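Handing you a structure now.
The values are calculated or read from the model by the stated rules, or taken from the named source; none is laboratory data. For clarity, every value in this text was computed on a predicted model and none was experimentally measured. Every residue, glycine as well, gets a Cβ built from its backbone with ideal geometry; the counts of neighbours run over all protein chains shown. The accessibility values were calculated without ligands, DNA or RNA, using every heavy atom of the protein model including side chains. Shrake-Rupley method; radii C 1.70, N 1.55, O 1.52, S 1.80 Å.
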Amino acid sequence: MRSGRGLRGVLFDLDGTLLDTALDMAAALNRVRGSEGLPALPFAQVRPLVSHGAPRLLKLAFGDPGPARYEDLRRRFLDFYRQSLAVHTRLFAGFDLVLERIESAGLAWGVVTNKPGWLAEPLLAETGLASRCACIVAGDTLAERKPHPLPLLHAAGLLGLEPRECVYVGDAERDVQAARNAGMIPLVAGFGYLGEGEDPAAWQPEAIFTRPEELLDWLELAP
């Protein structure tokens, strides 16, 4: 099946696009700070950096700790996060309907994330999405990660589709770069984890959405 635009596949970034993971990641980060005798960071400071992963979060929390200390902090942060992956994590409001319409239209959908597989796969399982998505390409699935186009090209191959038949929805500039370089249509989740001063329009995506449901209109799947 195809959408009104002739598309057959929809690929999503994970953190800040499909799933709102920020509360659980902030909690893990603050557990590490607590173990170091430091006060918790306000959630408003943590949220915009979640899509950038452990390196940016740990820099926010601990500055530049040096390689050995950084690795220790990173290990503890990810261990704490793995213990509580989906306490507060949910689909962004509206995505239940979006995924139902995509599925009922016969389009395939999948996830391409820089999150490592040992976190991404159980997270999708715990949120009930693993059995629904047609592919999961994690940050350690291949030798390259976004913004390199290889993960998106690999995902299209897993779906049995040509890249031009797919869109990729993300909330970071690297997502737009990866989609464009893969020959896919780049779309931006404007409701995601955008930092102060970031201007998604400057990335020149095909469209920017303020709500997940707007994707249905763009795909021409709205009733």
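Would you check which residues across segment 31-54 are out of contact with any Phe, Trp or Tyr (no Cβ under 8 Å at 6 or more places or on another chain), open to solvent by 30 Å² or more (accessible area, probe 1.4 Å) and more than 15 Å from R74 (Cβ to Cβ) and list them?
G34, G37, L38, P39, A40, P42, F43, A44, Q45
Just to be sure before I move on: is A202 of a type in the set (A, V, I, L, M) and within 16 Å of the chain's Cα centre (by Cα) in the structure I sent?
no
Of everything in segment 66-93, what is hydrophobic (A, V, I, L, M, F, W, C) and surrounded by 12 or more Cβ atoms within 10 Å (Cβ to Cβ)? Give them in sequence order.
L73, F77, L78, F80, L85, A86, L91, F92, A93, listed by residue number.
Also, quick follow-up: Tell me, which residue of segment 194-213 that is of a type outside the set (G, A, S) and more than 26 Å from V46 (Cβ to Cβ) is least open to solvent (accessible area, probe 1.4 Å)?
Per the stated criteria, the residue is E213.
So, one more: For segment 96-154, name all the residues that are more than 26 Å from D79 (Cα to Cα), part of a loop (DSSP other than H, G, I, E, B) and among the charged types (D, E, K, R).
R132
Counting only residues that are within 19 Å of D20 (Cβ to Cβ) and open to solvent by 40 Å² or more (accessible area, probe 1.4 Å), how many does segment 131-140 have?
Going through segment 131-140 one residue at a time, the tally reaches 2.
Is it the case that some residue within segment 185-193 is at positive phi, of a type outside the set (D, E, K, R) and open to solvent by 30 Å² or more (accessible area, probe 1.4 Å)?
Checking segment 185-193: not a single residue is at positive phi, of a type outside the set (D, E, K, R) and open to solvent by 30 Å² or more (accessible area, probe 1.4 Å).
If you don't mind, another one. For segment 186-206, what are the residues that are modelled with pLDDT under 95 and hydrophobic (A, V, I, L, M, F, W, C)?
L194 - this is the single residue of segment 186-206 that is modelled with pLDDT under 95 and hydrophobic (A, V, I, L, M, F, W, C).
Residues of segment 103-116 being under 25 Å from P55 (Cβ atoms) and open to solvent by 10 Å² or more (accessible area, probe 1.4 Å), which ones?
N114, K115, P116
Can I ask one more? Inspect segment 13-22 for any residue being closer than 19 Å to K115 by Cβ, open to solvent by 30 Å² or more (accessible area, probe 1.4 Å) and in contact with a Pro (Cβ under 8 Å, 6 or more places away or on another chain) and give the result as yes or no.
Looking through segment 13-22, none of the residues is closer than 19 Å to K115 by Cβ, open to solvent by 30 Å² or more (accessible area, probe 1.4 Å) and in contact with a Pro (Cβ under 8 Å, 6 or more places away or on another chain).
From R164, R174, R132, which residue is out of contact with any strand residue (DSSP E or B) (no Cβ under 7 Å at 6 or more places or on another chain) and closer than 17 Å to G94 by Cβ?
After ruling out the rest, the residue left standing is R132.
Out of everything in segment 147-172 that is open to solvent by less than 50 Å² (accessible area, probe 1.4 Å) and without any contact (Cβ under 8 Å) to a residue 40 or more places away in the chain, what residue ends up being nearest to W218 (Cα to Cα)?
If we take residues in segment 147-172 being open to solvent by less than 50 Å² (accessible area, probe 1.4 Å) and without any contact (Cβ under 8 Å) to a residue 40 or more places away in the chain, then P163 is nearest to W218 (Cα to Cα).
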